[in-house]
Amino acid sequence: MRREKKVRVGVVFGGRSGEHEVSLMSARSVVGAMDPHKYDVVPVGITKDGQWIAAGDPMRALASGDASLSQPAAILGDPSRRGLVRLEEGTQAIETASLAEIDVIFPVLHGPYGEDGTVQGLLELAGIPYVGAGVLASALAMDKIVFKDVMVAKGLPVAPGVAVMRKAWKASPDEVLDRIEAELGYPVFVKPANLGSSVGVSKCHDRAGLARGLADAATYDRKLLVEAAVPEAREIEVSVLGNDDPIASLPGEILPSREFYSYAAKYLDTGEDASGLLIPAPLSPQMTERVRELAVQVYRAIDCAGMARVDFLLSGKTGALIVNEVNTIPGFTSISMYPKLWEASGMSYAELIDRLIDLALERHADRVQCKTSYEPGAAE
Ligand SMILES: Nc1ncnc2c1ncn2[C@@H]1O[C@H](COP(=O)(O)OP(=O)(O)O)[C@@H](O)[C@H]1O
Ligand SMILES: [Mg+2]
C-alpha cells in the first residue's frame with residue numbers, strides 16, 4: 001500500500017492486566033521501530049486502574065507512577081468525534097477539542113481488558129481502524145473453554161478437557177473430582193479459563209493436588225479448565241499474519257526451564273536458568289509443514305485478522321500434535337517469539353509493523369463497505 005501522507009498511529013499500552021509491565025516493554029520496541037518518515041506516533045497509556053492518558057509522556061508516567069507527566073484522555077465510542085479527546089481534570093467534563101486525530105490504533109495490550117475484545121469493541125464503536133484481531137476472535141482466543149469447543153467443532157486436535165464452573169466446584173467438590181478422575185485420570189493441568197502468562201495454571205498428579213489446583217485457579221476465574229496432560233510435551237509456536245489470506249512463519253520451540261512453561265519459567269528465571277527459544281524448531285520437514293498448515297486452519301477457524309501466535313503441544317511420546325492456544329496480541333518486543341519467527345522467515349521487525357498497519361487499514365476499508373441499513377425489495 002503506497003501512502004502520500006504520514007499515518008498517525010496511536011500506540012496503546014499498559015492496561016488493567018497482570019501483563020501491564022510486559023506491555024510497556026512491547027510498546028517501547030514497537031514505537032522505537034516505527035519509521036518517523038512514515039508514521040506520526042501518538043503514545044497512549046492505560047494505568048493499572050484503567051485510566052487513559054495521552055500527551056506529555058504517558059510511557060514515563062506509567063513507568064514512574066507520576067501521573068503529572070501526562071493528561072487524562074479518552075477515546076469515545078462515537079465516530080463523529082474520532083480520535084483522542086482530552087478530559088478536563090476535576091469537572092469530569094469533556095473538552096470538545098480533540099487531542100489528536102488518529103488514523104489507526106496499535107493496541108499493544110496483553111491479557112484481559114486489552115487482548116480480549118473489550119478495547120477492540122470500543123474501537124469498533126469509535127470507527128477507528130486497529131491492528132490485530134477483531135472482537136470475536138479476540139474474545140474466543142481469550143476463553144480457553146469456548147476456544148476448545150470451537151476447535152472440536154472444526155475437527156481440529158485438542159487435549160481432552162473438562163470444564164468446571166467455580167460454583168459447582170464450591171458446592172460439591174467431591175463430585176467434581178470424581179468426574180475429572182473418571183474422564184481424564186492423571187496427570188492433568190488446571191487453568192483459569194480467561195487468563196495468560198500461566199497465572200493460576202498447575203500440573204496435578206493426584207486427587208489432593210487436583211483439589212489444590214482447582215482451589216487456586218478458582219481464585220482467578222469463575223470458569224476453570226482441567227485438561228489431560230500431553231505426555232512429554234514439546235512447546236511449538238507459529239506466527240500467523242494476514243486477513244483473508246493468512247500466512248504462517250517457520251515454527252519455533254520453547255525449552256521451559258521448569259517442569260512446564262510456568263510463570264516462573266516465563267518471567268522469573270533469567271541468565272543461564274532462563275527458558276530457551278529454538279528458531280526454527282528442530283522438526284522434520286513434514287512436521288514443519290503440518291504445524292504451519294494447522295496454524296492457519298486454527299487462525300481461520302476463529303476468524304482471526306491481523307496477527308496471532310498459535311501455540312501447540314507436540315507429544316514426544318506419541319507424536320500427537322495438539323492445538324494449545326492462540327494469543328492475538330503476543331509478546332512484541334524485538335526479541336519476542338512472534339517477531340523473531342518472522343525475522344527467521346525473512347521479514348524484519350520494522351517491515352512486520354508496516355504490514356500490520358496496512359492490514360488494519362485494509363480490514364477497516366473492507367468493513368465500511370458493508371451496508372448498515374436495509375432497503376426492503378432493493379435486491380429483488
Ligand atoms: N494439556 C497440557 N499438556 C502439557 N502441558 C500443558 C498442557 N496445558 C498447559 N501446559 C503447560 O502449561 C503452560 C501454560 O498453559 P497455557 O494453556 O499455555 O496457558 P497460558 O495462557 O497461561 O499461557 C503451557 O505452556 C505448557 O507448558
Ligand atoms: Mg500459553
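The C-beta contact set for the stretch 308-327 (first residue closer than 18 Å to residue 136 by Cβ, second residue within 13 Å of ligand 2 (Cβ to nearest atom) and of a type in the set (Lys, Arg), distance under 7 angstrom, 6+ apart or interchain) comprises 325/144; 327/309. The residues of the stretch 195-211 that are surrounded by 20 or more Cβ atoms within 10 Å (Cβ to Cβ) and within 7 Å of ligand 1 (Cβ to nearest atom), listed by number, are 195, 196, 201.
Residue by residue, here is whether (1) buried (at least 19 other Cβ atoms within 10 Å of the Cβ); (2) within 16 Å of ligand 2 (Cβ to nearest atom) holds:
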position: 289; (1), (2): no, no
position: 311; (1), (2): yes, yes
position: 316; (1), (2): no, no
position: 330; (1), (2): yes, yes
position: 339; (1), (2): yes, no
position: 348; (1), (2): no, no
position: 363; (1), (2): yes, no
position: 368; (1), (2): no, no
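Just the residues that are assigned to a loop (DSSP other than H, G, I, E, B) and more than 21 Å from residue 291 (Cβ to Cβ), please, taken from the stretch 325-364. Selection gives 329, 332, 333, 334, 335, 348.
For the stretch 299-319, the set of residues classified as part of a loop (DSSP other than H, G, I, E, B) and either closer than 16 Å to residue 154 by Cα or in the same structural domain as residue 196 (by TED's automatic domain parsing) (or both) consists of 302, 303, 304, listed by residue number. Pairs are defined by a Cβ separation below 8 Å, a sequence spacing of at least 6 or placement on different chains, a first member in the stretch 163-186 that is over 19 Å from residue 145 (Cβ atoms), and a second member that is of a type in the set (Lys, Arg); the pairs so defined are 181/207. All but one of (1) within 13 Å of ligand 1 (Cβ to nearest atom); (2) crowded, with 20+ Cβ neighbours inside 10 Å; (3) over 21 Å from residue 335 (Cα atoms) hold for residue 164; which doesn't? Condition (1) is where residue 164 drops out. When residues in the stretch 88-113 are screened for being assigned to a strand (DSSP E or B) and at pLDDT below 80, 7 of them pass. Of all residues in the stretch 1-30, exactly one satisfies the criterion of being without any contact (Cβ under 8 Å) to a residue 24 or more places away in the chain and under 19 Å from residue 70 (Cβ atoms), namely 21.
Listed residues 296, 326; which is buried (at least 21 other Cβ atoms within 10 Å of the Cβ), over 24 Å from residue 38 (Cα atoms) and in the same structural domain as residue 246 (by TED's automatic domain parsing)? None of the others qualify; the one that does is 326. Scanning the stretch 112-145 for residues being touching a residue at least 40 places away in the same chain (Cβ under 8 Å) and touching a Leu at 6+ places or on another chain (Cβ under 8 Å) gives a total of 10.
For the stretch 227-241, the tally of residues that are in contact with a helix residue (DSSP H, G or I) (Cβ under 9 Å, 6 or more places away or on another chain) and buried (at least 20 other Cβ atoms within 10 Å of the Cβ) stands at 7. Residues in the stretch 331-346 that are aliphatic (A, V, I, L, M) and touching a residue at least 24 places away in the same chain (Cβ under 8 Å): 337, 341, 344.
Being more than 8 Å from ligand 1 (Cβ to nearest atom), assigned to a helix (DSSP H, G or I) and either surrounded by 14 or more Cβ atoms within 10 Å (Cβ to Cβ) or of a type outside the set (S, T, N, Q) (or both) is a property that residue 224 lacks. The requirement of being farther than 22 Å from residue 354 by Cα, crowded, with 17+ Cβ neighbours inside 10 Å, modelled with pLDDT of 95 or more and not basic (Lys, Arg) is fulfilled somewhere in the stretch 36-46, by at least one residue. Quick one: is residue 281 at pLDDT 95 or above, buried (at least 21 other Cβ atoms within 10 Å of the Cβ) and either closer than 17 Å to residue 147 by Cα or among the hydroxyl-bearing types (Ser, Thr, Tyr) (or both)? Considered against the rule, which asks whether it is at pLDDT 95 or above, buried (at least 21 other Cβ atoms within 10 Å of the Cβ) and either closer than 17 Å to residue 147 by Cα or among the hydroxyl-bearing types (Ser, Thr, Tyr) (or both), residue 281 comes out as no.
Quick check on residue 209: is it assigned to a loop (DSSP other than H, G, I, E, B), more than 20 Å from the chain's Cα centre (by Cα), away from ligand 2 (no atom under 13 Å from the Cβ) and outside the structural domain of residue 331 (by TED's automatic domain parsing)? No; evaluated as a whole, the condition is false for this residue. At pLDDT below 95 and either more than 16 Å from ligand 1 (Cβ to nearest atom) or among the aromatic types (Phe, Trp, Tyr) (or both): does that describe residue 273? When the stated conditions are applied, residue 273 passes them.
The values are calculated or read from the model by the stated rules, or taken from the named source; none is laboratory data. Bear in mind the structure is a predicted one, so any value in this text is a computation, not a measurement. Positions of Cβ are backbone-derived with ideal geometry, glycine not excepted, and every protein chain shown enters the neighbour counts.
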